[in-house]
Amino acid sequence: MPAYRHLSALLGPAPRAAASALRRVSAASAIAVALLAGMSCAPSGGIVGEEDAVLTSPPNVPPPITRRNATKVVVRLETREVTQRLADGVDYTFWTFGGTVPGSFMRVRQGDLVEFHLANHPSSANPHNIDLHAVTGPGGGAGASLVSPGTEATFTFEALNPGLYVYHCATAPVGMHIANGMYGLILVEPPGGLPAVDREYYIAQGEFYTRGGFGAAGHQSFDMAKAIDENPPYVLFNGSVGALTGDNSLKAEVGETVRLYVGNGGPNLISSFHVIGEIFDKVHVEGGSLINENVQTTLIPAGGAAVVEFKLETAGTFLLVDHSIFRTFNKGALGMIAVSGAADSSVFSGRIGEGVYRPEGSAVQTSPNGTAAAPRATTPAQQVAFGERVYGRTCAACHQPQGQGIPLVFPPLAGSDYLNANPTRAIAAVLNGLSGPITVNGTTYNSVMPGLALSDDDVANVLTYVYSQWGNNRTVVSPAQVRAVRAAGGPKANADAH
């Protein structure tokens, strides 16, 4: 029996008013305790108000959530089928969320009630839907959101779990919809938010299964057989070759902390995400609550995500790669962070010495057999245009984008006396490789260049491009010249031999 009833029985009618007062106080205290207990365990604290979601295109991220309460968040997302650039001279019809690959980035708070509107643009040729991995419910919303062209569907869900989640189209054939670009990320922040950083960026890796090989020009269509075999010509960050390089590089400054929200749309491959020259201070493993520290490379499964953070200690250009490394240098999975500010030589000195080390001699290496189809150029101007694409994907990593080479390692192609003196020798070097000492503009180089698996047209085009640039003598190389050198066969044992 409660204490106030014992008092009433013992003291009789006169003191019952006091007992009644005690009862009211006890009831009020019980309610207060219950409210406090509820506040301590409920992440949302109840839905307060309503707001429209801020959606951003990659690589941008919406601002952090600063409100302290859960709210109703209205998301309006449109599916569109658009023909856009896949690589220089190559276009593709992407199926998208919001007109971009990856789709728009969404940011909500744990406990938010999300009212999701998915519309399919009337110009689309296919039905689409959305499966959000942040949704607890059948299909992740896929069944509730199926939309034919020109229609819209609405459903709601509560963001129950914090983390970084993939979303994707789940309309049959599911793999084809994802492979055409229908994936993106949604961040569910914990109630207290994430620690403040200086920069946040959005990156998603995905594969593209084109009928033609990497760099094959023109409009490329989807190849189901390659997708089933898991053999993509392209593995890309943010939907196109060069989406995060050159002028599109991510920007930061020395001393800043950067957070990358990284997703893997797949549909097939696991990403070995790595930043060359950096170590991840923190990794939110698979986008969840587990934090790993001091990580060099993190695995991101298809349909998964990770959050990586690192502080920039010195200036320079840092490469974002899939460390399944042929995907980076042969299939396009390459990005850059351009870090401005003062270089710190105590962190990294740069080159402070050089020399020749050749205990076992050297040998010509040959790239694997197989030639990619090249567009046929009919004029020198077309050769230059096509050759620039070949140079960018095949030669620029060693000889550098402006042909300047790397001192004492890879000779310059810009204003090269070696190159300009003998076009036949240049053709042979591209076809068969090159080893042994050569002298270029008065400096001796002794490294190994592999033979390149290029078609006659590609070799003619890339050399014509190089000869047209950087003060070279504007020699035009024809496919017939390349065929003649190829027929002669055999690598040169000594690169300086005439």
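The values are calculated or read from the model by the stated rules, or taken from the named source; none is laboratory data. If you're wondering where the values come from, they're calculated on a predicted model, not measured in any experiment. For neighbour counting, all protein chains shown are included, and Cβ atoms are generated from backbone atoms with ideal geometry for every residue, glycine included. Keep in mind that these areas ignore ligands, DNA and RNA; they rest on the heavy atoms of the full protein, side chains included. Shrake-Rupley method; radii C 1.70, N 1.55, O 1.52, S 1.80 Å.
Below, the figures for the structure above:
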read-out: At R0 = 22 Å, FRET efficiency that the Cβ-Cβ distance of residue 408 and residue 448 yields, to 0.05; value: 0.95
read-out: Cα→Cβ-extended label distance, 7 Å offset, between residue 483 and residue 224, nm; value: 3.8
read-out: For segment 38-191, fraction of C-alpha pairs farther apart than 22 Å, in %; value: 39
read-out: Estimated translational D of segment 296-342 in µm²/s (Stokes, Kirkwood radius over Cα pairs; 10 °C; 1.306 mPa s); value: 127
read-out: In nm, spacing of pseudo-spin labels at residue 256 and residue 281 (7 Å Cα→C-beta vector); value: 1.4
read-out: Cα Rg over Rh - segment 151-237, Kirkwood; value: 1.09
read-out: Relative packing of peptides 412-423, 92-103 - highest average C-beta neighbours within 10 Å first; value: 92-103, 412-423
read-out: Sequence of 72, 251 when ordered by accessible area, the most exposed leading, probe 1.4 angstrom; value: 251, 72
read-out: Unsatisfied cross-links (Cα-Cα over 18 Å) in the set 282/331; 282/311; 251/282; value: 282/331; 251/282
read-out: Sulfur and carbon atoms: percent of accessible area, segment 176-322 [1.4 Å]; value: 49
read-out: Set of segment 257-275 residues, backbone N closer than 20 Å to the point 7 Å along the Cα-Cβ line of residue 313; value: 257-260, 274-275
read-out: Solvent-accessible area of residue 176 with every protein chain in place, 1.4 Å probe, in Å² to the nearest 10; value: 50
read-out: At R0 = 45 Å, FRET efficiency that the Cβ-Cβ distance of residue 56 and residue 376 yields, to 0.05; value: 0.60
read-out: Label-point separation in nm, residue 248 to residue 397, each point 7 Å along Cα→Cβ; value: 1.8
read-out: Contour excess over end-to-end distance, with Cα ends at residue 344 and residue 121 and 0.36 nm allotted per residue; value: 75.2 nm
read-out: Top positive-direction residue, dipole computed over segment 200-271 with Cβ charges, set 261, 271, 212; value: 212
read-out: Å² per residue, accessible surface of segment 387-498 at 1.4 Å; value: 43
